[in-house]
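Novice: If you scroll down you'll find the structure; I have some questions about it.
The values are calculated or read from the model by the stated rules, or taken from the named source; none is laboratory data. Just so it is clear, the structure is predicted and the values come from calculations on it, not from any experiment. Counting neighbours? That spans all protein chains shown, and the Cβs are built from the backbone with ideal geometry, glycine included.
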Amino acid sequence: MSSVVIYCRSGFESDAAAEITFQAAEQGFAGYVKTKPNTGIVVYECFDPSHGDEIIKKIDFKNMVFARQWFTGTLVDNMPLEDRVSAIVNATVDFPSCGDLRVETPDTNEGKELSKFCKKISTPLKKALEKRATVTRELADKKPVLHVLFLSNDTAYVGYSYTFNNSPFFMGIPRLRMPNDAPSRSTLKLDEAFNVFIPPHEAEDRLQPGMRGVDLGACPGGWTYQLVRRGMFVSAIDNGPMNDDLMETGQVKHFRVDGFKYRPEKRNIHWLVCDMVEKPAKVTNLMIDWAVNAYAKELIFNLKLPMKKRFDSVYECLKMIKEELEKYGVSYELQAKHLYHDREEVTVHLNVTKVPQSLYS
């Protein structure tokens, strides 16, 4: 397969294109990008047809900031409207055996118009693929996922991704409900971050009731809400007012302090979350300070992006984090993602696994 198809937010195609070009070059792959503004997809065409499969194996999907999902595949166009199923099935002749089928569309208004059609064709397509043994009858989560990404009624990219290196979510988007009692819609950003960054089998240990958290720039409490609902005790840092219902839980202490100046008295904070509106470099330096001084074990924070050079801005901040933590001998895990509920921002997760005691003792 020569094509790598990437899903992204509409309007961020240039950032996703810059990212796959950079990541592919880092791994020694060569190719070129095909994309159009506001289509929600980017296609990377490899010069070597065998490299599509290699790219989706070797490039760590967790390192892809602007990609919601990806797969390697081929374009199937001018499908006969009376038998699109056969055209798609014929395109999968050389595919590996897959354990799941996802019939999807780009996350655009045009894509949404195709959603009913996608649901309608999914059943007959699944049966035809099962008959060819291209897709297993029962879900097999260790096998590749077969993707059919419809661009129009007669055109689709057909391909596959590997479950060890893709998004587990349909269209790369976790399906979340807005809680009726949440103080603001920003609560969904942190909820999605937990779903994306914390593996389900680790969530019970890493999101335990009784943990202590700090929310910098907390007002009115959208992110604090997610910590409280998981049974944590939260220090909410903001000069503005907090939601009354949150304060009545008894799990929140409100400190009217500048989030850039606040530091905890004890190093017993598991979660630091931060959604302050400030230049990304300033927020990045603040997070580095919290990590190096062992004020918190896990950090989730947003970087508000500039209008131009968004890819460059994010990667410069991530590079800064890596260089500073490695300079001080801090062990860590770092991920960043342009989440579905993000807009002009990227969410970063920093898991600090070990800090030399000499740095803060």
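Novice: Looking at the stretch 310-326 only, could you name the residues that are in contact with a helix residue (DSSP H, G or I) (Cβ under 9 Å, 6 or more places away or on another chain) and of a type outside the set (S, T, N, Q)?
Specialist: Initial filter on the stretch 310-326 (in contact with a helix residue (DSSP H, G or I) (Cβ under 9 Å, 6 or more places away or on another chain)): 310-318, 320-321, 324-325.
Those that are in contact with a helix residue (DSSP H, G or I) (Cβ under 9 Å, 6 or more places away or on another chain) and of a type outside the set (S, T, N, Q): 310, 311, 312, 314, 315, 316, 317, 318, 320, 321, 324, 325.
Novice: Please enumerate the residues belonging to the stretch 256-287 that are surrounded by fewer than 21 Cβ atoms within 10 Å (Cβ to Cβ) and of a type in the set (Asp, Glu).
Specialist: 258, 265, 278
Novice: Another one. With in the same structural domain as residue 270 (by TED's automatic domain parsing) and surrounded by fewer than 20 Cβ atoms within 10 Å (Cβ to Cβ) as the only criterion, which of 210, 221, 217 stands out?
Specialist: On the way: 221 fails: surrounded by fewer than 20 Cβ atoms within 10 Å (Cβ to Cβ); 217 fails: surrounded by fewer than 20 Cβ atoms within 10 Å (Cβ to Cβ).
Being in the same structural domain as residue 270 (by TED's automatic domain parsing) and surrounded by fewer than 20 Cβ atoms within 10 Å (Cβ to Cβ) holds for just one of 210, 221, 217, which is 210.
Matching residues to (1) within 18 Å of residue 64 (Cβ to Cβ); (2) at pLDDT 95 or above:
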| position | (1), (2) |
| --- | --- |
| 285 | no, yes |
| 289 | no, yes |
| 306 | no, no |
| 319 | yes, yes |
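Novice: Run down 184, 161, 167 and say which single residue is free of Cβ contacts under 8 Å to residues at least 60 places away in the same chain and among the small types (Gly, Ala, Ser).
Specialist: Answer to the check: 184.
Novice: How many residues are within 25 Å of residue 223 (Cβ to Cβ) and surrounded by fewer than 21 Cβ atoms within 10 Å (Cβ to Cβ) if we restrict to the stretch 343-357? Step through it out loud before you land on a result.
Specialist: Step one: list which residues in the stretch 343-357 are within 25 Å of residue 223 (Cβ to Cβ), which gives 343-353, 355.
Those still in the list that are surrounded by fewer than 21 Cβ atoms within 10 Å (Cβ to Cβ) too: 343-345, 349, 351, 353.
Number satisfying all stated conditions: 6.
Novice: Look through the stretch 75-86, keep the residues that are under 10 Å from residue 154 (Cα atoms) and either in contact with a Lys or Arg (Cβ under 7 Å, 6 or more places away or on another chain) or among the aliphatic types (A, V, I, L, M) (or both), and return whichever of them is surrounded by the fewest Cβ atoms within 10 Å (Cβ to Cβ).
Specialist: Going through the qualifying residues, I end up with 81.
Novice: Quick check on the stretch 11-31. Is at least one of its residues touching a Phe, Trp or Tyr at 6+ places or on another chain (Cβ under 6 Å) and among the aromatic types (Phe, Trp, Tyr)?
Specialist: Restricting attention to the stretch 11-31, the residues satisfying the condition of being touching a Phe, Trp or Tyr at 6+ places or on another chain (Cβ under 6 Å) are 12, 15-16, 18-20, 30-31.
Now drop any that are not among the aromatic types (Phe, Trp, Tyr), which leaves 12.
So far as the stretch 11-31 goes, yes, one or more of its residues are touching a Phe, Trp or Tyr at 6+ places or on another chain (Cβ under 6 Å) and among the aromatic types (Phe, Trp, Tyr).
Novice: When you check residue 224 against the structure, is it of a type in the set (Val, Ile, Thr) and over 21 Å from residue 336 (Cβ atoms), yes or no?
Specialist: Yes; evaluated as a whole, the condition is true for this residue.
Novice: Here are 41, 59: which of them is buried (at least 18 other Cβ atoms within 10 Å of the Cβ) and either over 14 Å from residue 157 (Cβ atoms) or free of Cβ contacts under 8 Å to residues at least 24 places away in the same chain (or both)? Quick ask: steps written out before the conclusion?
Specialist: Numbers: 41 fails: either over 14 Å from residue 157 (Cβ atoms) or free of Cβ contacts under 8 Å to residues at least 24 places away in the same chain (or both).
That would be 59, the only listed residue that is buried (at least 18 other Cβ atoms within 10 Å of the Cβ) and either over 14 Å from residue 157 (Cβ atoms) or free of Cβ contacts under 8 Å to residues at least 24 places away in the same chain (or both).
Novice: For the stretch 118-169, enumerate the residues that are aromatic (Phe, Trp, Tyr) and over 21 Å from the mean Cα position of the chain (by Cα). Walk me through how you get there before you give the answer.
Specialist: Taking the stretch 118-169 and keeping what is aromatic (Phe, Trp, Tyr), we get 150, 157, 160, 162, 164, 169.
Selection gives 150, 157.
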